[in-house]
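Reviewing the structure listed below.
The values are calculated or read from the model by the stated rules, or taken from the named source; none is laboratory data. None of these values were measured; they are calculated from a predicted model. A quick note on method: Cβ atoms are made from the backbone with ideal geometry, for glycine too, and the neighbour counts reach across all protein chains shown. In case anyone asks, the SASA skips ligands and DNA or RNA and just uses the protein heavy atoms, side chains included. Shrake-Rupley method; radii C 1.70, N 1.55, O 1.52, S 1.80 Å.
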Amino acid sequence: MKKALVTGGAGFLGSNLCGRLIRDGLFVICVDNLYTGSKANIDHLMNDPHFMFIEHDVREPLEIGADYIYNLACPASPPHYQKDPIMTAKTSLFGALNMLELARANNARILQSSTSEVYGEPLIHPQTEDYRGNVNPIGIRSCYDEGKRMAESLFFDYHRQYDLDIRVIRIFNTYGPYMNPEDGRVVSNFIVQALKGEDITIYGDGTQTRSFCYVDDLIEGMVRMMNSEDFYGPVNLGNPGEFTVAELAQKVIELTGSESKLVYKDLPGDDPTKRRPDISLAKEKLGWEPEIQLDEGLQRTVEYFKSVI
Ligand code: NAD
Ligand code: UDP
């Protein structure tokens, strides 16, 4: 039985991925320090004979056998990754380095979950993989953005220098079940606020855009990328449907029938004004594109949050 190691496996994407890989017939080793993830996310997997949890911080080296490594460990929500930015940068950098060394020791294939944040405040729209980005190297988001850029750089150097079998995906805003209600990202914030009848917090004037991908679609793309041959990436994975933050708030209010009011708060520093993936490469190389559009994905996510809050 092939073994897949998932770092950050107790987080939002990681817990969804662990379940999927077990269903695909792999033995899954979930590695997490529970910084933003939780055991509740993997509770349903704990008794599965094909699942193992190891509490470990990827800033430290790890010795264990694995055929595939999915490197997801890193806080992803701006308030969480900005709380201790030096820890975020170390997680991205040392985590990537330690997992690349582990892949080398095992002759394993390793996938890095990079991000649309490598494009920063994009000057081309939609973003293609050959766009080199417009990142502020000294701003409050740079611990995350530059950490992820450095990790990509390390992945490609391990590939060139050691012929390591790498895969790099750039994930655009993804949402769905197993997001932490306290996560702080926009979809979970708006749904939780709407369900609790609290004010819905729009940062800035709400005209900034994002492209929201439902988690099942994203995980499908991630697994296809891991299983692809002779294609290393980077490849954008996301849903090209683009919405303003104000439109998202409106949709959430309609779907939940909430009486919450919209309130406007300061826009955080360096918040990108727009973001939308060009997914031509993913379509061509992986035969992948999202199937679940925003209304349906939000409905499923609302049902999830109703069951946990
Ligand atoms: P998340 O915060 O829910 O999950 C991150 C997980 O990593 C958590 O379980 C956390 O405890 C763990 N972790 C953090 N630091 C660690 C460390 N030093 N050692 C071990 N574990 C550690 O976030 P997510 O949305 O599931 O993101 C997963 C990955 O996908 C991240 O690498 C993120 O950068 C990337 N990503 C996500 C999105 C998205 O929209 N969800 C977009 C772009 C990139
Ligand atoms: N946002 C918002 N209200 C919130 C949380 C976020 O208006 O309660 C905005 C945020 O300023 C950004 C967008 O929603 O413009 C997406 O934010 P998120 O933190 O989800 O992801 P990222 O900025 O990393 O894409």
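Which one of ASN173, ASN227, ASN236 is under 30 Å from LYS39 (Cα atoms) and touching a Pro at 6+ places or on another chain (Cβ under 6 Å)? Break it down stepwise before answering.
Numbers: ASN173 fails: touching a Pro at 6+ places or on another chain (Cβ under 6 Å); ASN227 fails: touching a Pro at 6+ places or on another chain (Cβ under 6 Å).
Answer to the selection: ASN236.
So if I check each of SER114, SER92, SER77, which one is among the hydroxyl-bearing types (Ser, Thr, Tyr), within 20 Å of ILE166 (Cβ to Cβ), within 13 Å of ligand 1 (Cβ to nearest atom) and touching an Asp or Glu at 6+ places or on another chain (Cβ under 8 Å)?
Numbers: SER92 fails: touching an Asp or Glu at 6+ places or on another chain (Cβ under 8 Å); SER77 fails: within 20 Å of ILE166 (Cβ to Cβ).
Result: SER114 is the single residue among SER114, SER92, SER77 that is among the hydroxyl-bearing types (Ser, Thr, Tyr), within 20 Å of ILE166 (Cβ to Cβ), within 13 Å of ligand 1 (Cβ to nearest atom) and touching an Asp or Glu at 6+ places or on another chain (Cβ under 8 Å).
Could you check, for the range 159-172, whether at least one of its residues is within 14 Å of ligand 2 (Cβ to nearest atom), open to solvent by less than 30 Å² (accessible area, probe 1.4 Å), under 23 Å from ALA282 (Cα atoms) and not β-branched (Val, Ile, Thr)?
Step one: filter the range 159-172 for residues within 14 Å of ligand 2 (Cβ to nearest atom), giving 170-172.
Now drop any that are not open to solvent by less than 30 Å² (accessible area, probe 1.4 Å), which leaves 170-172.
Now drop any that are not under 23 Å from ALA282 (Cα atoms), which leaves 170-172.
Retained after the next criterion (residues that are not β-branched (Val, Ile, Thr)): 170, 172.
Looking for residues that are within 14 Å of ligand 2 (Cβ to nearest atom), open to solvent by less than 30 Å² (accessible area, probe 1.4 Å), under 23 Å from ALA282 (Cα atoms) and not β-branched (Val, Ile, Thr), one finds at least one in the range 159-172, hence yes.
Just one of VAL223, VAL215, VAL235, VAL245 is free of Cβ contacts under 8 Å to residues at least 60 places away in the same chain and within 16 Å of ligand 1 (Cβ to nearest atom); which is it? Full working, then the answer.
Working: VAL223 fails: free of Cβ contacts under 8 Å to residues at least 60 places away in the same chain; VAL215 fails: free of Cβ contacts under 8 Å to residues at least 60 places away in the same chain; VAL235 fails: free of Cβ contacts under 8 Å to residues at least 60 places away in the same chain.
That would be VAL245, the only listed residue that is free of Cβ contacts under 8 Å to residues at least 60 places away in the same chain and within 16 Å of ligand 1 (Cβ to nearest atom).
Restricting the range 252-272 to residues that are more than 8 Å from ligand 2 (Cβ to nearest atom) and in a loop (DSSP other than H, G, I, E, B), which is farthest from ILE138 (Cα to Cα)? Walk me through it before giving the result.
Of all residues in the range 252-272, those more than 8 Å from ligand 2 (Cβ to nearest atom) come to 252-264, 266, 269-270.
Filter again for in a loop (DSSP other than H, G, I, E, B), leaving 257-261, 266, 269-270.
Details: GLY257: 42, SER258: 40, GLU259: 40, SER260: 37, LYS261: 35, ASP266: 20, GLY269: 11, ASP270: 10 Å.
Taking the candidates together, the pick is GLY257.
Condition first: within 23 Å of ALA96 (Cβ to Cβ) and surrounded by fewer than 18 Cβ atoms within 10 Å (Cβ to Cβ). Now tell me which residues in the range 1-19 satisfy that.
Our first condition is that a residue be within 23 Å of ALA96 (Cβ to Cβ); within the range 1-19, this holds for 2-18.
If the condition is that a residue be within 23 Å of ALA96 (Cβ to Cβ) and surrounded by fewer than 18 Cβ atoms within 10 Å (Cβ to Cβ), then LYS2 is the only one that fits.
So, of the residues in the range 184-200 that are outside any helix (DSSP H, G or I) and either touching a strand residue (DSSP E or B) at 6+ places or on another chain (Cβ under 6 Å) or of a type in the set (Gly, Ala, Ser) (or both), which turns out to be farthest from ligand 1 (Cβ to nearest atom)? Spell out the reasoning first.
At the first step, the residues of the range 184-200 found to be outside any helix (DSSP H, G or I) are 184-185, 197-200.
Still in the running and either touching a strand residue (DSSP E or B) at 6+ places or on another chain (Cβ under 6 Å) or of a type in the set (Gly, Ala, Ser) (or both): 184, 197, 199-200.
Values: GLY184: 10, GLY197: 25, ASP199: 24, ILE200: 20 Å.
Residue satisfying both the conditions and the ranking: GLY197.
Within the range 230-242, can one find any residue that is part of a strand (DSSP E or B), open to solvent by 40 Å² or more (accessible area, probe 1.4 Å) and either β-branched (Val, Ile, Thr) or more than 10 Å from ligand 2 (Cβ to nearest atom) (or both)? Before the answer, list the steps.
Filtering the range 230-242 for residues part of a strand (DSSP E or B) gives 235-237, 242.
Subset that is open to solvent by 40 Å² or more (accessible area, probe 1.4 Å): 242.
Checking which are either β-branched (Val, Ile, Thr) or more than 10 Å from ligand 2 (Cβ to nearest atom) (or both) leaves us with 242.
Scanning the range 230-242, I find at least one residue that is part of a strand (DSSP E or B), open to solvent by 40 Å² or more (accessible area, probe 1.4 Å) and either β-branched (Val, Ile, Thr) or more than 10 Å from ligand 2 (Cβ to nearest atom) (or both), so the answer is yes.
When you check GLN82 against the structure, is it farther than 21 Å from GLY269 by Cα and either part of a strand (DSSP E or B) or polar (S, T, N, Q) (or both), yes or no?
Numbers: farther than 21 Å from GLY269 by Cα: no; either part of a strand (DSSP E or B) or polar (S, T, N, Q) (or both): yes.
Against the criterion (farther than 21 Å from GLY269 by Cα and either part of a strand (DSSP E or B) or polar (S, T, N, Q) (or both)), GLN82 does not qualify.
Would you point out the residue of the range 204-225, among those that are within 12 Å of ligand 2 (Cβ to nearest atom) and β-branched (Val, Ile, Thr), that is surrounded by the fewest Cβ atoms within 10 Å (Cβ to Cβ)? Spell out how you get there, then give the answer.
Here is the first cut: in the range 204-225, the ones within 12 Å of ligand 2 (Cβ to nearest atom) are 204-213.
Of the ones still in play, those that are also β-branched (Val, Ile, Thr) are 207, 209.
On the way: THR207: 12, THR209: 18.
Ranking the candidates gives THR207 first.
Please find, among ALA282, ALA249, the residue that is of a type in the set (A, V, I, L, M, F, W, C) and either outside any helix (DSSP H, G or I) or closer than 28 Å to ASN227 by Cα (or both).
ALA282
Can you tell me how many residues in the range 1-38 are closer than 22 Å to THR174 by Cβ and more than 10 Å from ligand 1 (Cβ to nearest atom)? Quick ask: steps written out before the conclusion?
Filtering the range 1-38 for residues closer than 22 Å to THR174 by Cβ gives 4-24, 26, 28, 30-38.
Among the residues that remain, those that are also more than 10 Å from ligand 1 (Cβ to nearest atom) are: 4-5, 18-24, 26, 28.
Number of matching residues: 11.
Out of the range 130-155, which residues are touching a strand residue (DSSP E or B) at 6+ places or on another chain (Cβ under 7 Å), not in a loop (DSSP other than H, G, I, E, B) and not charged (D, E, K, R)? Spell out the reasoning first.
Start the filter on the range 130-155 by keeping residues that are touching a strand residue (DSSP E or B) at 6+ places or on another chain (Cβ under 7 Å), which leaves 133-136, 145, 148, 151-152, 155.
Among the residues that remain, those that are also not in a loop (DSSP other than H, G, I, E, B) are: 134, 145, 148, 151-152, 155.
Matches in the range 130-155: ASN134, ALA151, PHE155.
Go through (1) crowded, with 19+ Cβ neighbours inside 10 Å; (2) in a loop (DSSP other than H, G, I, E, B) one by one and return the number of the condition ILE110 breaks.
(2)
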